[in-house]
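The values are calculated or read from the model by the stated rules, or taken from the named source; none is laboratory data. It should be emphasised that the depicted structure is a prediction, and the values quoted were computed from it without experimental measurement. No Cβ is skipped: glycine too gets one built from the backbone with ideal geometry, and neighbour counts run over all protein chains shown. Quick note on the areas: whole protein, heavy atoms, side chains included, nothing else; ligands and nucleic acids left out. Shrake-Rupley method; radii C 1.70, N 1.55, O 1.52, S 1.80 Å.
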Amino acid sequence: MTPLLKVEGLTKRYGARIGCADVSFDLWPGEVMGIVGESGSGKSTLLNCMAGHLAPDAGRVMFDTRTEGMKDTITMSEPERRMLGRTDWAFVHQHARDGLRMNVSAGGNVGERLMAVGARHYGEIRDSAEDWLGRVEIDSSRIDDRPTAFSGGMQQRLQIARNLVTGPRLVFMDEPTGGLDVSVQARLLDLLRGLVREMGLSAIIVTHDLAVVRLLADRLMVMKDGHVVEAGLTDQVLDDPQHAYTQLLVSSVLQV
Amino acid sequence: MSDYNFAYLDEQTKRMIRRAILKGLAIPGYQVPFASREMPMPYGWGTGGVQVSAATLTPEDRLKVIDQGADDTTNAVSIRKFFERTAGVETTEDTASASVIQTRHRIPEAPLTEDQVLVYQVPIPEPLRFLEPSEIETRKMHALEDYGLMHVKLYEDIARHGQIATAYAYPVKVEGRYVMDPSPIPKFDNPKMSGMAAIQLFGAGREQRIYALPPYTQVVSLDFQDFPFEASKADAPCDLCGAEDSYLDEVIVDDAGGRMFVCSDTDYCRARRAAGHVGAQGKTEDAA
Amino acid sequence: MIQIREVSKTFTLHNQGSAVIRVMERASLSVAPGECVALTGASGAGKSTLMRMIYGNYLAASGEILIGGVDVVRAEPREIIRLRREVLGYVSQFLRVVPRVPTLDVVAEPLLSVGVDRAAATDRARELLTRLRIPERLWSLSPTTFSGGEQQRVNIARGFAHAYPALLLDEPTASLDAANRDTVLELIHEAKARGAAIVGIFHDAEARAAVCDRVVDLTGFSPQAAA
């Protein structure tokens with residue numbers, strides 16, 4: 001078995017300021033990794049560099065492509081990277097409106113990725129859209145409604161359906177439960193966990209919510225000032241943190 | 001004659017536009033940016049088409065201008081007059097004898113020949129515009145053939161109306177490569193674009209884009225396997241000339257709901273009637 | 001099955017003047033398949049700490065902990081995850097689940113994650129819940145709303161769903177009535193019979209006597225004693 005994703009020395013600077021510095025790790029098929037840290041710690045910068053939204057200053061992001069094996073996605077051509085972005089990769093934004101087409105119906109939102117990879121049968125596209133709405137617990141009677149008519153939690157679930165419809169192997173998530181109220185969060189977490197297991201997805205989840213990573217992530221990376229200060233098994237990092245910053249982070253969580 | 005340079009534009013400008021046209025012909029369906037000039041008419045009145053026509057016309061040409069099929073509406077008349085005055089070229093309403101035809105929103109019914117050039121006026125050249133507002137992004141999408149979004153639009157149509165309700169400016173794919181806006185012609189005209197003998201040029205003045213189809217280019221209207229493209233028109237013959245195969249305008253004739261269907265292509269209808277064809281209301285019309 | 005060699009544990013509290021707390025020194029222990037070993041010692045002797053180190057939840061400072069050939073102290077996260085999925089079960093005192101997931105699914109999950117099909121996994125979950133006397137009407141509800149005793153039993157059902165070759169039990173009989181306690185002891189006997197190596201903490205002396213083959217007093221491994 002080979003890693004699905006191999007990140008090597010990934011560095012991004014904003015002028016003199018460090019976005020993220022010399023980040024390296026392997027992600028294996030089926031693994032879910034959380035990246036935590038406070039605002040400004042560089043976790044979103046890292047995620048965006050990995051997902052190809054930002055050009056890093058140094059480093060490699062190797063992905064195990066279906067046809068050519070391990071390939072650096074940073075030096076990859078734009079068409080190739082885009083193809084990856086609508087087949088094997090998915091990106092779930094914190095704000096659903098960044099990841100959805102708000103003026104297109106729910107069905108159209110889910111169907112877009114299928115059409116982008118060549119689906120040309122309306123009936124089949126609609127069937128998959130319906131199936132996916134069901135899997136993210138959106139009533140199929142809402143298929144022709146626009147996301148503007150949906151609640152925040154529904155929008156987020158729709159975004160997930162839209163991303164997973166082409167059966168990606170790697171999902172990047174940026175604060176997927178941020179901005180949702182807790183009951184909605186729980187439902188979404190449950191859904192994500194189920195999908196990750198059923199589809200054998202690998203995922204990288206950026207969040208500042210330690211409860212979210214405890215439930216979703218196998219592994220954890222703790223970032224501070226652009227550097228990874230600690231990494232390991234999620235419950236080990238949370239229950240027996242070794243680094244001063246992680247100890248502070250864990251002890252700062254309010255108990256319910 | 002007048003003191004205008006031939007066809008209003010100066011020679012350098014026409015040369016610049018011709019270069020854009022040639023590039024457009026070399027890459028069928030690709031939108032070539034050009035430095036659109038201010039014309040003595042408002043945007044939306046065909047400034048793009050007029051500039052392309054001006055760069056195409058020679059003193060020997062015979063020009064026909066149609067506006068939604070008709071030769072005698074304001075837009076057609078004023079553009080025809082414009083070139084009569086600035087270029088001094090002959091004009092005609094007869095499709096077959098014209099060498100350059102500038103059109104707004106129609107393709108003539110009579111088949112065009114290799115000796116003819118059809119110039120379309122285009123309001124919005126970007127077929128992806130209403131789905132993706134960013135020009136940078138749409139250009140990338142064209143470059144990468146990332147056209148899934150185009151089908152999203154058609155999907156939305158079917159989801160909402162039970163069929164592809166787009167009736168005009170129906171998107172097409174050119175030679176299996178570029179998705180192109182055919183300008184707001186009715187989708188009835190789409191099949192005529194494919195394999196046409198005449199050169200087809202498209203000018204968008206406000207948007208500063210020119211694109212083109214060389215003769216005999218393959219043009220395919222986008223659709224779904226289970227919702228194939230249909231070149232629809234009103235299901236009736238022309239009430240004046242009886243034509244069954246032409247695109248029809250619906251005309252309300254009184255306050256009591258009376259209506260008639262007539263050929264949108266006035267020259268086609270005139271020619272048929274001259275040849276003795278008569279529609280259901282043809283006689284009364286002639287009598288009146 | 002479970003081999004612990006010279007394991008030490010310290011906690012460094014960086015945010016409290018970098019105080020170093022040594023909690024265990026050179027602990028060694030070996031558990032064979034089919035054997036059940038009870039950890040004893042006064043409160044604070046490090047029973048839970050050792051259990052957590054075996055599970056990979058706490059990071060040992062030195063030594064090695066071999067479970068089915070994998071050294072938990074040095075293993076990659078994914079190796080530990082696989083170990084926990086296939087080899088090493090843990091019944092903790094606290095139920096930690098995603099809110100909203102029905103009890104039946106909570107119990108069936110360990111089986112699903114090792115690839116057992118849904119029908120078989122659900123059957124096993126039903127069987128365990130029935131044996132542990134969780135009323136059937138509660139099965140479709142999330143256990144987060146249950147009483148302490150019920151949560152404990154759901155936790156046990158979940159821990160025994162898959163036939164782990166190695167099993168850690170943290171006070172499995174605490175807060176259970178006599179009937180349910182007997183069921184749990186039965187489950188432990190069954191696990192031993194199929195060859196599971198078990199390490200447990202039992203405050204309940206009677207239960208301990210009933211299932212454990214050996215008792216290891218951790219007091220001997222506390223740093224004070226070693227010093």
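Here are some notes:
- Among the residues of region B:115-145, those that are hydroxyl-bearing (Ser, Thr, Tyr) and free of Cβ contacts under 8 Å to residues at least 24 places away in the same chain comprise B:Ser134, B:Thr138.
- Test: C:Val106 is assigned to a helix (DSSP H, G or I), out of contact with any His (no Cβ under 7 Å at 6 or more places or on another chain) and at pLDDT below 95: yes
- Among all positions in region A:36-49, there is no residue which is in contact with a Lys or Arg (Cβ under 6 Å, 6 or more places away or on another chain), in contact (Cβ under 8 Å) with a residue 60 or more places away in the chain and closer than 20 Å to A:Ser202 by Cβ.
- Taking the conditions (1) among the aliphatic types (A, V, I, L, M); (2) part of a loop (DSSP other than H, G, I, E, B); (3) away from chain A (no Cβ under 11 Å) in turn, C:Ala75 satisfies each one other than (3).
Let's see how each residue does on (1) more than 25 Å from A:Gly232 (Cα to Cα); (2) surrounded by 18 or more Cβ atoms within 10 Å (Cβ to Cβ); (3) in contact (Cβ under 8 Å) with a residue 12 or more places away in the chain:
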site	(1), (2), (3)
C:Val31	yes, yes, yes
C:Ala38	yes, yes, yes
C:Ser48	no, yes, yes
C:Gly68	no, no, yes
C:Val72	no, yes, yes
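- Some residue of region B:184-191 being within 14 Å of chain A (Cβ to nearest Cβ), touching a residue at least 24 places away in the same chain (Cβ under 8 Å) and crowded, with 20+ Cβ neighbours inside 10 Å: no
- When C:Ala191, C:Ala119 are checked against the criterion of being open to solvent by less than 60 Å² (accessible area, probe 1.4 Å) and at pLDDT 90 or above, C:Ala191 stands alone in meeting it.
- Considering only residues in region B:157-166 that are in contact with a Ser or Thr (Cβ under 8 Å, 6 or more places away or on another chain) and open to solvent by less than 50 Å² (accessible area, probe 1.4 Å), the one that is nearest to the other protein chains (Cβ to nearest Cβ) turns out to be B:Ala159.
- Test: residue in region B:172-182 that is surrounded by 22 or more Cβ atoms within 10 Å (Cβ to Cβ), under 12 Å from the mean Cα position of the chain (by Cα) and either at pLDDT below 95 or within 23 Å of B:Ser264 (Cα to Cα) (or both): yes
- If you filter region B:114-156 down to residues that are of a type in the set (Val, Ile, Thr), within 16 Å of the chain's Cα centre (by Cα) and open to solvent by 20 Å² or more (accessible area, probe 1.4 Å), you find that the one that is farthest from B:Leu63 (Cα to Cα) is B:Ile124.
- The criterion of being away from every other protein chain (no Cβ under 13 Å), within 25 Å of C:Phe202 (Cβ to Cβ) and surrounded by 19 or more Cβ atoms within 10 Å (Cβ to Cβ) does not hold for C:Val97.
- So A:Asp26, is it farther than 25 Å from B:Leu128 by Cβ, outside any loop (DSSP other than H, G, I, E, B) and free of Cβ contacts under 8 Å to residues at least 24 places away in the same chain: yes
- Between C:Leu66, C:Leu112, C:Leu50, C:Leu59, the distinction of being over 26 Å from A:Leu191 (Cβ atoms) and in a helix (DSSP H, G or I) belongs to C:Leu50 only.
- Just so you know, in region A:1-38 the residues that are touching a His at 6+ places or on another chain (Cβ under 8 Å) and closer than 25 Å to A:Arg193 by Cα include one that is most open to solvent (accessible area, probe 1.4 Å), and it is A:Glu38.
- Test result for C:Ile188, among the β-branched types (Val, Ile, Thr), under 24 Å from C:Ile81 (Cβ atoms), outside any loop (DSSP other than H, G, I, E, B) and in contact (Cβ under 8 Å) with a residue 24 or more places away in the chain: no
- Summed over region B:225-257, the residues that are open to solvent by less than 50 Å² (accessible area, probe 1.4 Å) and out of contact with any His (no Cβ under 6 Å at 6 or more places or on another chain) give a count of 10.
- Restricting the first member to region B:226-248 and to residues that are farther than 23 Å from B:Ser194 by Cβ, and the second to residues that are open to solvent by less than 60 Å² (accessible area, probe 1.4 Å) and part of a loop (DSSP other than H, G, I, E, B), the beta-carbon pairs closer than 8 Å and six or more apart or on different chains are B:Pro237/B:Ala243; B:Pro237/B:Gly279; B:Cys238/B:Ser246; B:Cys238/B:Gly279; B:Asp239/B:Gly279; B:Leu240/B:Gly279; B:Cys241/B:Gly279; B:Gly242/B:Gly279.
- Counting only helices (runs of 4 or more DSSP H) that sit completely within region A:146-256, those holding 1 or more residues that are more than 9 Å from chain C (Cβ to nearest Cβ), in contact (Cβ under 8 Å) with a residue 40 or more places away in the chain and surrounded by fewer than 24 Cβ atoms within 10 Å (Cβ to Cβ) correspond to A:152-164, A:182-199, A:210-216, A:244-251.
- Only one of C:Gly200, C:Gly159 that is part of a strand (DSSP E or B), open to solvent by less than 10 Å² (accessible area, probe 1.4 Å) and either farther than 21 Å from C:Ser48 by Cβ or at pLDDT 90 or above (or both): C:Gly200
- Spans of helices (runs of 4 or more DSSP H) in region B:1-96 with at least 3 residues among the hydrophobic types (A, V, I, L, M, F, W, C) and open to solvent by less than 10 Å² (accessible area, probe 1.4 Å): B:47-56, B:74-86
- Leading residue by the ranking (nearest to A:Trp28 (Cα to Cα)) among those in region A:85-119 that are out of contact with any strand residue (DSSP E or B) (no Cβ under 6 Å at 6 or more places or on another chain), away from chain B (no Cβ under 12 Å) and not in a loop (DSSP other than H, G, I, E, B): A:Gly99
- Among the residues of region C:209-226, those identified as modelled with pLDDT of 90 or more and buried (at least 19 other Cβ atoms within 10 Å of the Cβ) are C:Val211, C:Cys212, C:Val216.
- Yes/no for A:Gly52 being at positive phi, surrounded by 15 or more Cβ atoms within 10 Å (Cβ to Cβ) and away from every other protein chain (no Cβ under 12 Å): yes
- Qualifying residue in region B:262-275 (condition: within 20 Å of the chain's Cα centre (by Cα), under 16 Å from B:Gly24 (Cα atoms) and surrounded by 19 or more Cβ atoms within 10 Å (Cβ to Cβ)): no
- Scope region B:192-207; condition over 21 Å from B:His151 (Cβ atoms) and open to solvent by 20 Å² or more (accessible area, probe 1.4 Å); matching residues: B:Lys192, B:Gly195, B:Ile199, B:Arg206, B:Glu207
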